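In what follows, a single structure is set out as structure tokens and then discussed.
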Amino acid sequence: MTLVTNARNQPMLSGTFVPVDDERDDHHLRVTGSVPDGLAGTFMRNGPNPMFEPLGRYHMFDGDGMLHAVRFDQGEVSYRNRWIRSAGLEAERRAGRALYGGLGDLHMPGPDEVGDAGPMKNLANTHIVGHAGRYLALWEAGPPTEVTEGLDTIGVHDFGGRLDGAFTAHPKIDPRTGEMLAFAYLPFEPYLRYYQIDAAGTLGRVVDIDLPEAVVMHDFAVTERHVVFVDSPMVLDVMAALHGEPMFRWDPDHVTRVGIMPRDGDTVTWYETEASYINHFWNAWDDGDSVVFAGSRLEGAAYTAGKDGAMDREGADAEPGRPTRVEVDRSSGKVRVEQFDDMGGDFCRINDAYCGVRSRYHYMAGFHGDATIIGHFDTVVAYDDLTGERTTWFCGPTSITGEAVFVPDPAGAAENDGWLLSCVTDRTDDSTDLVILDARDVSAGPIARVHLPRRLPFGFHGNWFPSGV
Ligand SMILES: [Fe+2]
């Protein structure tokens, strides 16, 4: 079905980034090891998978969203994948070719080319979350796309017309209140917008927040009482992109500020700190007058491919983020930044039942050695924030691991009672396993491997959807 024909001349469409070309359903997958009895539900993962040959230079953020689902049902494991059928992709399917440009070639087609599909394709390629009975595929430059449990596309979800425009790929769902808190960063004023969605899925408050200029804000954090934004030097410049320059640029003159706002408030208090960008947060919590958060922190741009789309460390400024804890003392205004590990990594995850309160266990996809290629993580990492202990599982010199998603053990009570699920691709034989690790002892290695029917291309984020809820 895919008509990508020129992948070898596109650095970001080579190796594990090569898209798959079909939609399939496979049952009775082969499993090595033993799937835990408590693991009943569906693991879903989103990621870019362009259907058509890109118009220009391809960036890994540009691909059409594709969902992969691995379902565990009474001992049987099955697989399904589906493209997200955005209006833009449907217009391209009618034309039989790509009509929209990407980050490297910002072509916005008119109605003569795409009808009423609009000038921008909502790729919906970054994350999949469940809230208020809906499955939402997310992409930070547009509204969510609702899909069914069976991965069929329902369409754009604009909260009954309440949402006008973008919506982060990393909303936070408060496990105590059921609320979903979210935001959008925007290329034009007001630059930042905060959304509060109640447990029933109704978008209530929308708060516009002024920033000095447009910046990239891929993630944020929430505590029981506050929301946390980081206004970083990663500047977003759409006008530059329209002139063929990079859309993201690191501006050393842009002061980094941590913004803290009461969840129900409308005024952000800003605290200056040293130049940094947090790509993903693990979590945040209130500690007396302080707000503490942790995440993967960069001290420079690592987002954009280098000249000619190079993705090696020299060609692209690919220095990975480092695990960092930040404490903002709201009474003194002091911001304390502490990098707690030298290992590079990202895709920060926790047991989501601890979202907003102090979490002890933090999980990451890391680099065992130097990060040579963007996204080629090779290690699943677990941090114990109480003892400072780090445990790791190295997935092997020829393999790449994705994000490790925490799945709680229904029979457990402790924060780390559960499993980590991650897609691990072996570059030597083009195979992917869904690996199951015991979160209590990551270093013991997989307790089970589900052998997927084919390689999964590099992807972004996923989630676990337990059955029967
Ligand atoms: Fe992300």
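General observations
- Of residues in segment 108-147 being of a type in the set (Ser, Thr, Tyr) and closer than 15 Å to HIS68 by Cβ, the one nearest to the ligand (Cβ to nearest atom): THR126
- Hey, ALA214 away from the ligand (no atom under 16 Å from the Cβ) and modelled with pLDDT of 95 or more or not: yes
- Counted residues, segment 120-135 - those being among the hydrophobic types (A, V, I, L, M, F, W, C) and surrounded by 23 or more Cβ atoms within 10 Å (Cβ to Cβ): 4
- The criterion of at least 3 residues that are β-branched (Val, Ile, Thr) is met by the following strands (runs of 3 or more DSSP E) wholly inside segment 418-469: 431-438.
- Qualifying residue in segment 206-214 (condition: under 24 Å from ASN463 (Cβ atoms) and of a type outside the set (Val, Ile, Thr)): no
- Scanning segment 354-376 for residues that are β-branched (Val, Ile, Thr), in contact with a strand residue (DSSP E or B) (Cβ under 8 Å, 6 or more places away or on another chain) and modelled with pLDDT under 95 turns up THR372, ILE373.
- Residues of segment 330-382 that turn out to be β-branched (Val, Ile, Thr) and part of a strand (DSSP E or B), as a count: 6
- Total residues in segment 165-199, condition among the β-branched types (Val, Ile, Thr), more than 16 Å from the ligand (Cβ to nearest atom) and crowded, with 20+ Cβ neighbours inside 10 Å: 1
- Screening ALA404 with (1) among the small types (Gly, Ala, Ser); (2) under 26 Å from VAL4 (Cα atoms); (3) within 16 Å of the ligand (Cβ to nearest atom) gives one miss only, at (2).
- Matching entry among VAL291, VAL230 (being within 21 Å of the chain's Cα centre (by Cα) and surrounded by 21 or more Cβ atoms within 10 Å (Cβ to Cβ)): VAL230
- Hits in segment 328-340 (condition: surrounded by fewer than 16 Cβ atoms within 10 Å (Cβ to Cβ) and either touching a residue at least 60 places away in the same chain (Cβ under 8 Å) or out of contact with any Asp or Glu (no Cβ under 7 Å at 6 or more places or on another chain) (or both)): ARG330, SER332, GLY333, LYS334, VAL337, GLU338, GLN339, PHE340
- Wholly enclosed strands (runs of 3 or more DSSP E) of segment 86-165 bearing at least 2 residues farther than 22 Å from ASP62 by Cβ: 127-131, 134-138
The values are calculated or read from the model by the stated rules, or taken from the named source; none is laboratory data. As the structure is a prediction and not an experimental result, all values here were calculated from the model. Cβ sites come from the backbone with ideal geometry, for glycine too, and all protein chains shown count toward neighbours.
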